[in-house]
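The values are calculated or read from the model by the stated rules, or taken from the named source; none is laboratory data. Quick caveat: nothing in here was measured; it's all calculated off a predicted structure. We place every Cβ from the backbone using ideal geometry, glycine too, and count neighbours over all the protein chains shown.
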Amino acid sequence: MPEFDAEKVAEIHQHLHSHLPSESALRVKALETLLVDKGLVNPQTIDAWIEAYTEEIGPKRGARVVAKAWCDAAYKKRLLQDAPAAIDELGFLGKATAHLTVVENTDRVHNLVVCTLCSCYPFSILGIAPAWYKAAAYRSRAVRDPRGVLAEFGAAIGDDVEVRVWDSTAELRYLVLPQRPAGSEDMTEEQLAGLVSRNSMIGTDRVLGAASKGRD
Amino acid sequence: MPEFDAEKVAEIHQHLHSHLPSESALRVKALETLLVDKGLVNPQTIDAWIEAYTEEIGPKRGARVVAKAWCDAAYKKRLLQDAPAAIDELGFLGKATAHLTVVENTDRVHNLVVCTLCSCYPFSILGIAPAWYKAAAYRSRAVRDPRGVLAEFGAAIGDDVEVRVWDSTAELRYLVLPQRPAGSEDMTEEQLAGLVSRNSMIGTDRVLGAASKGRD
Amino acid sequence: MDGIHDLGGKQGYGPIEVDDEGTPFHHDWEGREWGIAQCARTPGITIDWWRHCRELIMPEDYLGRPYFDSWAQTDFATYIEAGWITLDEIAAGKSLVDNTDFDNPVTAMTLTQVLQEDHDHAVRFDAEIDAPPAFSVASPVLTSSHGSSGHTRLPQYARGRRGTVNAYNGAHVFPDLSARGKEIHQHCYNVCFAAVDLWPEVENSSDKVYLDLWESYLALA
Amino acid sequence: MDGIHDLGGKQGYGPIEVDDEGTPFHHDWEGREWGIAQCARTPGITIDWWRHCRELIMPEDYLGRPYFDSWAQTDFATYIEAGWITLDEIAAGKSLVDNTDFDNPVTAMTLTQVLQEDHDHAVRFDAEIDAPPAFSVASPVLTSSHGSSGHTRLPQYARGRRGTVNAYNGAHVFPDLSARGKEIHQHCYNVCFAAVDLWPEVENSSDKVYLDLWESYLALA
């Protein structure tokens, strides 16, 4: 059981700073080796988690949710009202999505998601967060200079568009519903899903289209 | 002439982060070599500055100011009213002391000096600041947990003593006038100066005495 | 705590490395750490205690080491603090106690089982509480100017600021106490702040920042 | 700026390494950098611009590299920004321009000359100004809750706080503008804050923090 002793943990971190190897791979190897030796972790379960988040769980799930919302007005309404229930219809409810809120882009509104205090991310529909999402540059700047951040991602936001930044708070997390691309009227839901980039669901991408490079 | 272009300087720092050698000695060597090659700096002048701050200018100056204040009530009064003029009487006015303020310890008051935003220090009377004074641990904690900091330095402060922390601001800097040690009535000014530790003039040392290890 | 993790609005962190290959893990060890974090949690741990332990990483390491490396370090710290593993065992690289679980090591999970666990792990943190919420949608609120010496979800940039309640989230586990092992629910609100009220350099902007805040962080403005 | 340099009250920096040999320089290069900083300043530089350039060092380097190393980096940056030296020259390790000063390099100074210069370098930053000071000793004041996107001497921990004027310092060069090359004098006050008004964990304490603040950081409370 934890003792919830912050002072003790600070001292442990100082100790580990001096005594663990400096290479990340060796540090994690040391951790796994010890946990396996103590019978606390099974390495095959680690393999399964890696496979789950490499092959099954990732932004293609979020893209399917978005495409369905574009094609099905009733689904979109449910998604905006109760996102966890709506994504569970597709079987995508899971880690860190039980309190998900979906925020919708419009001609006048652009949404951007960040977590300034840690790196909260809706795992079960977007998978593992990109490196930049977890880096200090994005976490520090997204709330203060969202338009500058968006420009660095190549997304120009007009002066007539209001930018709304959602700073995620531990269990409360966000997904952006991007705008359906122009000229996509004849596309199937599956084709549409192929246009939805991961970044558009975080908000660092705005205009999707046939020219969009799709999921990144 | 500087252009005062902060964005440009931030980019220069990023460039230097990637392109300078990582060893500090090599970085400074590169700087000196280039400045000398361009005729902007004379290495013998650098030698002279090192000698000045190793042999001549240091906490022994502050200690003489303190000892004089202990022995000469009129001098102490001038020191507390106009410290730059009073230290100039001893010839110690100089870098970063033109706006010095001296704050006096009493039975009921203990003073502690820090610079949270950089590492301001009264060079011409205390010399080069100790490493801890310039480190993040001291700079962050001195204003918030001065009693904890003092305890780490071995200085216990009674509950009946008010701690006053002076956060130096660029050109305005501080010197603590410690209390004259008990049992020092018969000592000469020069002997007294030998009891004044550098830390007591910053405020991380409180009780001086015959047992005091003197200038550190 | 006013720690290095509280990055919102801090300056000097430079440009964003926007290029990302799109692969979830860039090194094998990142995947291993992700897997470890999913299947090895000490009994009694709370999400907020784990977060607080990550916040307590030395600032130089917090900024200088890769993200999943900081997860590994957090795991190490929580396991040691809870007595699951010891510093001596880390040094030795093996178990030094006669672990009763050792004869019965955790069994391997398949991909299907893991996917089911992920689905089942959609944990809710809200609950009904008796006290009525103090604020309602559109209430003007003022955030506390004080932080907390421990874990908190009121970031520095939003302290002592005026905002407006955008939505009521229900009563959620209060992070400040959850990080000390006490799971108590408190009303939680989504609060909207005008960018002009947060940042000195912003003028003539209708941009907004939305933040989920607990009732004890707030007062009626 | 809300940079990594603004350390007052920040948590997580661990214990203080109180032992210090008492020698001014612990490595030769530290003394060399001290000397360089004393005798090589670009014309037109202000103390606040130099400080701001130090604040702009990447946070990881600011925390991770030794103190005088950060001085060297600040010198490099100010020299490059002012056109004194170039990045190409740093890469080449030598002058790449036909420097007109080269035939007339700066002359060597002796210890005596350096000591005299140190004495003469007791620079004052105050001046008489026409406007009367807005506050007097014992005035209750409230600090601005906004910071500045550029250089400022109002630290984060003292923003939006109530204090009392302890002393009037005269009109001093205003750092926020001096860091942009404009030397304008403004009334400056020593302000006393009660520790209980600054830190959430402090109770029943008569301890104080004193800070020198310029008039535009303050309003009558």
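Restricting the range A:38-49 to residues that are in a helix (DSSP H, G or I) and buried (at least 21 other Cβ atoms within 10 Å of the Cβ), which is nearest to the chain's Cα centre (by Cα)? Residue satisfying both the conditions and the ranking: A:Trp49. Among the residues examined, D:Gly8 qualifies as more than 17 Å from D:Thr74 (Cβ to Cβ), outside the structural domain of D:Met109 (by TED's automatic domain parsing) and in contact with a helix residue (DSSP H, G or I) (Cβ under 8 Å, 6 or more places away or on another chain). Within the range B:86-96, is even one residue closer than 28 Å to D:Lys10 by Cα and assigned by TED's automatic domain parsing to the domain that holds B:Val176? Within the range B:86-96, one or more residues are closer than 28 Å to D:Lys10 by Cα and assigned by TED's automatic domain parsing to the domain that holds B:Val176.
With respect to the conditions (1) in contact with a helix residue (DSSP H, G or I) (Cβ under 7 Å, 6 or more places away or on another chain); (2) at negative phi, D:Arg41 lacks only one, and its number is (1). C:Gln73 satisfies every condition listed in (1) touching a Leu at 6+ places or on another chain (Cβ under 7 Å); (2) assigned to a loop (DSSP other than H, G, I, E, B) except (2).
Identify the residue in the range B:167-193 that is in a loop (DSSP other than H, G, I, E, B), over 22 Å from B:Arg64 (Cα atoms) and touching a helix residue (DSSP H, G or I) at 6+ places or on another chain (Cβ under 9 Å) and, among all such residues, is modelled with the lowest pLDDT. Here the residue is B:Ala170.
When C:Asp19, C:Asp88, C:Asp2 are checked against the criterion of being in contact with a Phe, Trp or Tyr (Cβ under 9 Å, 6 or more places away or on another chain), without any contact (Cβ under 8 Å) to a residue 24 or more places away in the chain and more than 7 Å from chain A (Cβ to nearest Cβ), a single residue qualifies: C:Asp19. Would you say B:Leu195 is aliphatic (A, V, I, L, M) and more than 8 Å from chain D (Cβ to nearest Cβ)? Considered against the rule, which asks whether it is aliphatic (A, V, I, L, M) and more than 8 Å from chain D (Cβ to nearest Cβ), B:Leu195 comes out as yes. Of all residues in the range B:1-19, which are surrounded by 19 or more Cβ atoms within 10 Å (Cβ to Cβ) and either among the aliphatic types (A, V, I, L, M) or more than 7 Å from chain D (Cβ to nearest Cβ) (or both)? Result: B:Ala6, B:Val9, B:Ala10, B:Ile12, B:Leu16.
Which members of the range D:112-123 meet the condition of being facing chain B (nearest Cβ under 7 Å) and either modelled with pLDDT under 90 or out of contact with any helix residue (DSSP H, G or I) (no Cβ under 9 Å at 6 or more places or on another chain) (or both)? If the condition is that a residue be facing chain B (nearest Cβ under 7 Å) and either modelled with pLDDT under 90 or out of contact with any helix residue (DSSP H, G or I) (no Cβ under 9 Å at 6 or more places or on another chain) (or both), then D:His121, D:Ala122, D:Val123 are the ones that fit. Checking each residue of the range D:102-111 against the condition of being buried (at least 16 other Cβ atoms within 10 Å of the Cβ), touching a helix residue (DSSP H, G or I) at 6+ places or on another chain (Cβ under 6 Å) and either facing chain B (nearest Cβ under 7 Å) or closer than 21 Å to B:Pro43 by Cα (or both) gives at least one match. Across the range A:133-166, which residue is nearest to the chain's Cα centre (by Cα) among those that are more than 8 Å from chain C (Cβ to nearest Cβ) and part of a helix (DSSP H, G or I)? Going through the qualifying residues, I end up with A:Tyr133.
Only residues that are without any contact (Cβ under 8 Å) to a residue 40 or more places away in the chain, more than 11 Å from chain D (Cβ to nearest Cβ) and not acidic (Asp, Glu) were counted across the range C:130-148, and they come to 4.
Each row is one residue, and each column tells you yes or no for (1) more than 30 Å from B:Gln191 (Cα to Cα); (2) not small (Gly, Ala, Ser).
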residue: B:Lys38; (1), (2): yes, yes
residue: B:Tyr53; (1), (2): no, yes
residue: B:Gly62; (1), (2): no, no
residue: B:Arg78; (1), (2): no, yes
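When D:Ser145, D:Ser136, D:Ser206, D:Ser216 are checked against the criterion of being in contact with an Asp or Glu (Cβ under 6 Å, 6 or more places away or on another chain) and either at pLDDT below 95 or of a type in the set (Gly, Ala, Ser) (or both), D:Ser206 stands alone in meeting it. Residues in the range C:55-81 that are within 18 Å of A:Tyr133 (Cβ to Cβ) and either facing chain A (nearest Cβ under 7 Å) or free of Cβ contacts under 8 Å to residues at least 24 places away in the same chain (or both): C:Leu63, C:Arg65, C:Pro66, C:Tyr67, C:Asp69, C:Ser70. Within the range B:116-132, the set of residues being in contact with a Lys or Arg (Cβ under 9 Å, 6 or more places away or on another chain), in contact (Cβ under 8 Å) with a residue 24 or more places away in the chain and either over 26 Å from B:Glu51 (Cα atoms) or within 9 Å of chain D (Cβ to nearest Cβ) (or both) comprises B:Thr116, B:Leu117, B:Cys118, B:Phe123, B:Ser124, B:Gly127, B:Pro130. Among the residues of the range C:149-181, those that are within 13 Å of chain D (Cβ to nearest Cβ) and either closer than 20 Å to C:Ala138 by Cα or crowded, with 20+ Cβ neighbours inside 10 Å (or both) comprise C:His151, C:Thr152, C:Leu154, C:Pro155, C:Gln156, C:Tyr157, C:Ala158, C:Arg159, C:Gly160, C:Arg161, C:Arg162, C:Asp176.
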